[in-house]
Amino acid sequence: MRKFMRILCMLLALVFVLSACGGAKDDTKTPGTDDSGSNGEKNPDAGLTLDVTEITLNVGESKKLTATFTPEFEEDDTTVTLESSDTKIVSVNGMTLTAVAAGEATITAKNADGKYTATCKVTVNAVDLIFAVEYDGLSQAKDVTADPAQTVEVKFNKNFASGKKLKVTMPAGQKYLAITIGNSVKEAILYVPNGVYEYTIPTSLNAIFPADFANGGVVKLRLPTTADLTARRNIALNPYDTTKAASTVFPHVMCNNEYNQTEFAARCAIDGFTTNTGHGWYPQQSWGPKEVVNKNDYFTINFGRTVLVNEIVIYLRGDFGHDAYYSAIVVEFSDGSTEVIKPTRVRDGQKFTFAAKETESVKLTGFVIDNKQGGPWTGLAEVEVYGLEKLG
């Protein structure tokens, strides 16, 4: 009996040792894992599709594609990108295609690691791209079909005169216009959603433009390229803005406090001229409010579409002594969010950056004035807003 008990005790001790050492290897897997090393169960329906597999566009037209991607594993990167087999025929920006020239191209959608793809065949038809330009009873047509990016010049051989109207009918389907009116003025890329640009020559031309602006009635036109529209730029620039409350051409400035002289209109602060050592006629024109500027007064740049912005550059009107300056300004975006910028008493352009914002407008308000060393007048010589078109 004692011998039996000794053997039983030895067996129990052996079992205890084996258990402490882990015993036999367990081949079971944690639920929800697989041999690939990825967490989560493998999805047998993984794949990538596009909403269209074949489309036809005219030159200048754009089309946004929608991709549906079902990842193989839950943690897979769901980013989808597009590539064009010929960017001279069809360019790509994000998920948006733009027809550049007649021909065919294949658009390939890929997931992050390139394992899944989908394609769309794009046929681009040529169309006649013609600018029709009218001024004071005269008209000219300029065909840019052969080279949509070329700059064409129109000379009416009569000077621009206050109150006369210039009209540009853009090629069918186009909404962006690169234009230079007159002489010694910067080109502006304008958004013209209805395709017809109308500009009334303003009064007191010498107050806001170089002396040779009106000479010969010169207009230069072109269709912005994809590179133009995808580049970061000052999207507030418009030397040809109107003083009217509403406009069908953008960017456009609106304000509720403006001195009643042409050279102090709000439009002067987005015209591209930054000279700010004085106040008055060109090149010293500025947005010049009346003597008293309240916190709820505003200066709003309307872009007419959603853009992506992340920087504002302010040129104060720097006729210091005559002028006080804005020591704080609230920048408000179309979604109601705000940033506070704090300029200092200098004439240089002052840069203020912030997290990129999607917005249809930039509103300056909440003005705080420091008049310890000048005033009571204040002004802004130029406001630049840097960002990107939101095409994709």
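Please compute the contact order of segment 241-316 in relative form: average sequence separation of alpha-carbon pairs under 8 Å and at least six residues apart, divided by the residue count, as a percent.
Values: 101 pairs, mean separation 26.8, N = 76.
Computed over segment 241-316, the figure is 35 percent.
Just read off the accessible area of residue 243 with the full protein assembly in place, 1.4 Å probe, to the nearest 10 Å².
It works out to around 100 Å².
Which number do you get for Rg(Cα) / (2.2 N^0.38 Å) in segment 140-226? Provide the component values of the computation, followed by the final result.
Numbers: Rg = 13.1 Å, N = 87, 2.2 N^0.38 = 12.0 Å.
Dividing the Cα Rg of segment 140-226 by 2.2 N^0.38 Å gives 1.09.
About its Cα centre, what dipole magnitude does the chain give when the only charges are +1 on Lys and Arg Cβ and -1 on Asp and Glu Cβ, stated in debye to the nearest 20? Show your work: numbers first, answer last.
Values: 38 positive and 47 negative charges, 127 e Å.
With Lys and Arg at +1 and Asp and Glu at -1, about 600 debye.
Quick check on my link table: of 142/244; 244/290; 165/351, which ones sit more than 25 Å apart, alpha carbon to alpha carbon? Mind dumping the intermediate values first?
Details: 142/244 29 Å; 244/290 18 Å; 165/351 37 Å.
Pairs exceeding the cut-off: 142/244; 165/351.
Compute the distribution of all C-alpha to C-alpha distances in segment 304-392, in bins of 5 Å from 0, and list the percent of pairs in each, rounded to whole numbers.
Pairs per bin, as whole percents: 3, 14, 24, 22, 16, 10, 7, 3, 1, 0.
Any idea what the relative contact order of segment 288-348 is, in percent, if you count C-alpha pairs under 8 Å spaced at least 6 apart?
26 percent
Note the full-extension length gain between residue 123 and residue 337 as 0.36 nm times their separation in residues minus their Cα-Cα distance, in nm to one decimal.
72.8 nm
State the answer as a single residue: which of 97, 381, 340 lies farthest towards the positive end of the charge dipole of the chain, with beta carbon charges of +1 for Lys and Arg and -1 for Asp and Glu, about the Cα centre.
Projecting each Cα onto the dipole axis, the largest value belongs to 340.
Which aspartates and glutamates have a Cα less than 19 Å from the Cα of residue 42, not counting those fewer than 8 places away in the same chain?
Leaving aside aspartates and glutamates fewer than 8 places away in the same chain, those within reach of residue 42 are 34, 72, 74, 75, 76, 77, 113.
Lysines near residue 121 by alpha-carbon distance under 23 Å, same-chain residues fewer than 8 away left out - which ones?
63, 64, 88, 110
From the mean inverse distance of alpha carbon pairs (Kirkwood) and the Cα radius of gyration, derive Rg over Rh for segment 236-392.
In segment 236-392, Rg relative to Rh is 0.94.
What nm distance separates the two modelled labels at residue 225 and residue 70, each placed 7 Å from Cα along Cα→Cβ?
4.3 nm
What percent does the relative contact order of the chain come to when contacts are Cα pairs within less than 8 Å and at least six residues apart?
Details: 944 pairs, mean separation 46.1, N = 392.
RCO, the chain: 12 percent.
Show log10 I(q)/I(0) for segment 210-321 at q = 0.11, 0.17 Å⁻¹, two decimals, from a solvent-free Debye sum over equal Cα scatterers.
Here the Debye-derived log intensity ratios amount to -0.42, -0.98.
Working out 0.36 nm times the residue gap between residue 51 and residue 233, then minus their Cα-Cα distance, what length gain in nm do you get to one decimal?
So the extension gain works out to 62.3 nm.
Find the Cα radius of gyration of the chain, compare it with 2.2 N^0.38 Å by division, and give the number to two decimals.
Scaled against compact globular proteins, the figure is 1.50.
Can you work out D for segment 207-271 in µm² s⁻¹ from Stokes-Einstein, where Rh is the Kirkwood radius over C-alpha pairs, the temperature is 4 °C and the viscosity is 1.567 mPa s?
Calculated translational D: 92 µm²/s.
As a quick test, which of the pairs 167/357; 220/363; 164/363; 167/220 have an alpha carbon distance above 23 angstrom in this structure?
Beyond 23 Å: 167/357; 220/363; 164/363.
Kirkwood hydrodynamic radius, segment 32-184, all distinct C-alpha pairs: what's the number in Å?
Evaluated on segment 32-184, it is 19.0 Å.
To the nearest 20 Debye, how big is the dipole of segment 170-296 about its Cα centre, given +1 on the beta carbon of each Lys and Arg and -1 on that of each Asp and Glu?
Charge dipole, segment 170-296, about its Cα centre: 340 debye, nearest 20.
The values are calculated or read from the model by the stated rules, or taken from the named source; none is laboratory data. Note that the structure is a prediction, hence the values are computed from the model and not measured. Because the Cβ atoms are built from the backbone with ideal geometry, glycine has one as well, and the counts that use them run over all protein chains shown. What goes into the accessible areas is simple: the full protein's heavy atoms, side chains included, and nothing from ligands, DNA or RNA. Shrake-Rupley method; radii C 1.70, N 1.55, O 1.52, S 1.80 Å.
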